[in-house]
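Presented below is the structure to which this report refers.
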Amino acid sequence: MATEGTKTIVQNRKARHDYFIEETYEAGIELKGTEVKSLRLGRANLQDSYATIKDGEVFVNGLHISPYEMGNRFNHDPMRPKKLLLHRYEINKLIGHTQKKGLTIVPLSLYFKKGKVKVQLAVARGKKLYDKREDIAKKHAQREIDRRMKDYSR
């Protein structure tokens, strides 16, 4: 995702803490004009958002895009479900993944790529509490190793 020509708008940091990421997809998103203007100002929130598949189409729910300040009557509902643009074979793969027990689709980030808004989706499996604790312990241990190596090299 972090290739040249992309500008990250917002990331869902909690998703990597709460889920094991199994596979990622890049999708376009169908937006209204004032939503794009609001995104250019960085006014979005991916926390607690998730994707659903309805009638062969993928929608992201819980994605909050704040109303554009100068949009007056043309403003949109900030929490409306937004349609994601994917190829049919990608949607079929997502349907197959979501039918497996314990897998869900969560958006990881929202970014501009060549002037278009894109969403990075992840097929994810929920972590248990002990998995989260284990990840925190690993990060803490790595931080401690890095700190000691830095002190040693001085």
Exercise. Only one residue in Asp151, Asp146, Asp135 is touching a residue at least 40 places away in the same chain (Cβ under 8 Å) and farther than 28 Å from Leu31 by Cα, so which one is that?
Worked result: Asp135
Problem set entry | Within the range 104-154, tally of residues that are closer than 23 Å to Gln47 by Cβ and among the small types (Gly, Ala, Ser) | 4
Exercise. Of the residues that sit in the range 27-51 and are at pLDDT 85 or above and surrounded by fewer than 15 Cβ atoms within 10 Å (Cβ to Cβ), which one is farthest from Gln99 (Cα to Cα)?
Worked result: Leu41
Exercise. Can you name the number of the only condition in (1) under 13 Å from the mean Cα position of the chain (by Cα); (2) over 13 Å from Tyr25 (Cβ atoms) that Gln120 fails?
Worked result: (2)
Seminar exercise, completed: Apart from one, (1) surrounded by fewer than 17 Cβ atoms within 10 Å (Cβ to Cβ); (2) touching a residue at least 40 places away in the same chain (Cβ under 8 Å); (3) farther than 30 Å from Ala137 by Cα; (4) touching an Asp or Glu at 6+ places or on another chain (Cβ under 9 Å) all hold for His17; the odd one out is (3)
Seminar exercise, completed: So, first residue crowded, with 18+ Cβ neighbours inside 10 Å in the range 95-107, second residue assigned to a loop (DSSP other than H, G, I, E, B), Cβ within less than 8 Å, six or more apart or across chains; the pairs are Val106/Asn12; Val106/Ser49; Pro107/Asn12; Pro107/Leu46; Pro107/Ser49; Pro107/Leu63
Problem set entry | Among the candidates Lys83, Lys118, Lys93, residue that is in a strand (DSSP E or B), at pLDDT 90 or above and farther than 19 Å from Ala15 by Cα | Lys83
For this session: Working only within the range 122-141, note down all residues that are hydrophobic (A, V, I, L, M, F, W, C) and either outside any helix (DSSP H, G or I) or in contact with a Leu (Cβ under 8 Å, 6 or more places away or on another chain) (or both).
Result: Ala122, Val123, Ala124
For this session: May I ask you to verify whether Phe112 is aromatic (Phe, Trp, Tyr) and in contact (Cβ under 8 Å) with a residue 60 or more places away in the chain?
Result: yes
Exercise. Among (1) surrounded by 15 or more Cβ atoms within 10 Å (Cβ to Cβ); (2) out of contact with any helix residue (DSSP H, G or I) (no Cβ under 8 Å at 6 or more places or on another chain); (3) not polar (S, T, N, Q), where does Arg147 come up short?
Worked result: (1)
Problem set entry | Leu63 vs. criteria touching a residue at least 60 places away in the same chain (Cβ under 8 Å) and within 21 Å of Tyr25 (Cβ to Cβ) | no
Problem set entry | Index of the failed condition, Gln142 passing every other in (1) under 25 Å from Gly5 (Cβ atoms); (2) among the polar types (S, T, N, Q); (3) over 22 Å from the mean Cα position of the chain (by Cα) | (1)
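The values are calculated or read from the model by the stated rules, or taken from the named source; none is laboratory data. These figures come from a predicted structure and were not determined experimentally. Here the Cβ is made from the backbone with ideal geometry for all residues, glycine too, and neighbour counts use every protein chain on show.
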